[in-house]
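Before any comments, here is the structure.
The values are calculated or read from the model by the stated rules, or taken from the named source; none is laboratory data. Just so you know, these numbers come straight off a predicted model, no measurement behind them. Every residue, glycine as well, gets a Cβ built from its backbone with ideal geometry; the counts of neighbours run over all protein chains shown.
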Amino acid sequence: MKIKILGSGAWQGIPAPFCSCKLCQLAVKNLYCQDARTRPQFMVETRQGSFLIEVSPDIRTQSTRFSLPAVNDFVVSHWHFDHMYGLHELLTWLKSLEIKPVVHGSLSTKDKIEKEFSYLPFDFNLLEPYKKINLCGVDITPLPLYHAFGIDEELSEEEINNTFAYLLEYEGKRVVYLSDYYKIQPKILDKIKGVDVLIADGTYLFTDKFKGIKLNHMHNEGILQLASSIGAKQVYFHSISHLTGLNHQEMQAKLPENYFISYDGLEIDL
Ligand SMILES: [Zn+2]
Ligand SMILES: [Zn+2]
């Protein structure tokens, strides 16, 4: 199994629109450098085929830059703009197809798509927490995370199903993709202990500006403590924000061994 990280940036991307910060200005000079980051998108490849995780608003530029093969399946973690609003970019392609591609996701993702994207010709596969599906030979288990403020706090651990992490299992290798989250219940930590690869949200990994402020993402030491408690063999952070003010090398230098800041185009072979 190969995982390609096609988009490693947070919701604004780097460069962010109209931003004059040092990092965005660095990225403007070279849109293919490690500090230029498009919004979250991941391709999973096996001998049986390929599928995509998320539908980045940058899917158009990613598909041309990385010569992506057309896929039939899109696995979405949640309905926030940076993870799903590339759906609209697919309109012309979708209309040209004889079969309908499938978007897989949670109930709130389905509701959002019905409200905002009902004109798009694809099928929706409603996923249930902990219930495996198989795509291209990969067992995929949706694991519900606490991320949506105003909805998730009211729900018990048994009830949350807005944002999914995905555990991917293929030929004895285990990878977990933790999308956005501010809390992970112990039941899920048990399921993902010791995975080969952890791909985790790093939006607020190196910014102290938000210390003590309640955000719908985990931040600072919390992220590193979580990653360490999972005990993955390798850890890659996605959703990197310009708010860190640090370039790729500066962030990488602050991480322990086998922890990596991802970048657009990074490939993980398992
Ligand atoms: Zn900036
Ligand atoms: Zn989100």
Starting from residues that are touching a strand residue (DSSP E or B) at 6+ places or on another chain (Cβ under 6 Å), among the aliphatic types (A, V, I, L, M) and not in a loop (DSSP other than H, G, I, E, B), keep the ones in the range 74-108 and report whichever is farthest from Ser56 (Cα to Cα). Val102
Out of curiosity, is Gln249 surrounded by fewer than 17 Cβ atoms within 10 Å (Cβ to Cβ), modelled with pLDDT under 95 and over 14 Å from the mean Cα position of the chain (by Cα)? no
Of the residues that sit in the range 28-49 and are aliphatic (A, V, I, L, M) and in contact (Cβ under 8 Å) with a residue 24 or more places away in the chain, which one is farthest from ligand 1 (Cβ to nearest atom)? Val44
For the range 133-170, what are the residues that are among the charged types (D, E, K, R) and in a strand (DSSP E or B)? Asp139, Glu169
Look through the range 39-52, keep the residues that are within 16 Å of ligand 2 (Cβ to nearest atom) and in contact with a helix residue (DSSP H, G or I) (Cβ under 9 Å, 6 or more places away or on another chain), and return whichever of them is nearest to Asn134 (Cα to Cα). Gln41
Test: residue in the range 46-60 that is surrounded by fewer than 21 Cβ atoms within 10 Å (Cβ to Cβ), touching a Phe, Trp or Tyr at 6+ places or on another chain (Cβ under 9 Å) and either modelled with pLDDT of 95 or more or not in a loop (DSSP other than H, G, I, E, B) (or both): yes
Any residue that is within 16 Å of the chain's Cα centre (by Cα) and either among the small types (Gly, Ala, Ser) or on the phi > 0 side of the Ramachandran plot (or both) - is there at least one of those in the range 59-69? no
Can you give me the number of residues within the range 1-25 that are buried (at least 19 other Cβ atoms within 10 Å of the Cβ), part of a loop (DSSP other than H, G, I, E, B) and more than 16 Å from ligand 2 (Cβ to nearest atom)? 3
How many residues does the range 130-156 hold that are at pLDDT below 80 and either within 16 Å of ligand 2 (Cβ to nearest atom) or surrounded by 14 or more Cβ atoms within 10 Å (Cβ to Cβ) (or both)? 7
Counting only residues that are within 14 Å of ligand 2 (Cβ to nearest atom) and within 14 Å of the chain's Cα centre (by Cα), which one in the range 160-174 is surrounded by the most Cβ atoms within 10 Å (Cβ to Cβ)? Thr163
